Amino acid sequence: MKVEVSYGVSRRGIPAARTFQDWIEEAGVALGLRGRVSVRVVGEAEGARLNREFRGRGGATNVLSFPAGTFPCRERFFGDIVLCAPRVAKEARAFGRPARAHYAHLTIHGLLHLMGYDHIRPSARRRMESLEIRLLGALGLPDPYWLSPKVKAGSVS
């Protein structure tokens, strides 16, 4: 996997580009993926603008995924993952977990969305969460869903 990382905010407290690349490359190997992914870390304003423009929802969200369309090319481009740094930091504090672990979780979560996974139906949610837990475990990170009932309820705002 090739990973392009860009920052729309100060990188203080945010994982380095190499870290995002490592997470996605390792997940890509585990999933048998070959191709490219873009990761962008943004602030509240850009996150809110993208969420409004592409999802019709107000305010920023923690992660947005923009799957690429299918078109002929030498190397598959899966799409873009956008992480909102202030939201990720706020959630990590609320869940009592290290910010780095939360970034890893949301990066993997975003990658799975690029691959077509969703969490709308309970069965799809269980399948996606199970895969997230397995991939994060391979990175040496704990199950992100046991840490707080808020995670499953999605009640942090």
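The values are calculated or read from the model by the stated rules, or taken from the named source; none is laboratory data. Everything numeric in this text was worked out from a predicted model, so none of it was measured. Backbone-built Cβ (ideal geometry, glycine too); neighbour counts: all protein chains shown.
Which condition does ARG49 not pass, out of (1) without any contact (Cβ under 8 Å) to a residue 60 or more places away in the chain; (2) surrounded by fewer than 19 Cβ atoms within 10 Å (Cβ to Cβ); (3) of a type outside the set (Val, Ile, Thr); (4) under 28 Å from GLY140 (Cβ atoms), if it passes all the others?
Going through the list (1) without any contact (Cβ under 8 Å) to a residue 60 or more places away in the chain; (2) surrounded by fewer than 19 Cβ atoms within 10 Å (Cβ to Cβ); (3) of a type outside the set (Val, Ile, Thr); (4) under 28 Å from GLY140 (Cβ atoms), ARG49 breaks only (4).
Can you tell me which residue in the stretch 98-147 is nearest to the chain's Cα centre (by Cα), limited to those that are buried (at least 18 other Cβ atoms within 10 Å of the Cβ) and among the small types (Gly, Ala, Ser)?
For the stretch 98-147, the residue satisfying everything is GLY110.
If we scan the stretch 25-32, do we find a residue that is among the aliphatic types (A, V, I, L, M), under 15 Å from LEU114 (Cα atoms), out of contact with any Lys or Arg (no Cβ under 8 Å at 6 or more places or on another chain) and at pLDDT below 95?
For the stretch 25-32, residues among the aliphatic types (A, V, I, L, M), under 15 Å from LEU114 (Cα atoms), out of contact with any Lys or Arg (no Cβ under 8 Å at 6 or more places or on another chain) and at pLDDT below 95: present.
What helices (runs of 4 or more DSSP H), lying completely within the stretch 46-157, carry at least 1 residues that are of a type in the set (Lys, Arg), modelled with pLDDT of 95 or more and over 20 Å from ASP22 (Cβ atoms)?
Numbers: elements: 85-95, 99-114, 122-138, 149-153.
Counting at least 1 such residues, we get 85-95, 122-138.
Take the stretch 1-12 and flag every residue that is touching a helix residue (DSSP H, G or I) at 6+ places or on another chain (Cβ under 8 Å) and either within 19 Å of GLU75 (Cβ to Cβ) or at pLDDT below 95 (or both).
Once the filter is applied, which keeps residues that are touching a helix residue (DSSP H, G or I) at 6+ places or on another chain (Cβ under 8 Å) and either within 19 Å of GLU75 (Cβ to Cβ) or at pLDDT below 95 (or both), the stretch 1-12 yields MET1, VAL3, VAL5.
Under 7 Å between Cβ atoms, at least 6 apart or on separate chains: pull out the pairs that start in the stretch 75-103 with a residue that is within 15 Å of ALA48 (Cα to Cα) and end on any residue that is among the basic types (Lys, Arg).
VAL82/ARG40
Just give me the residues in the stretch 2-23 being under 19 Å from GLY47 (Cα atoms) and of a type in the set (Val, Ile, Thr), in sequence order.
Selection gives VAL5, VAL9, ILE14.
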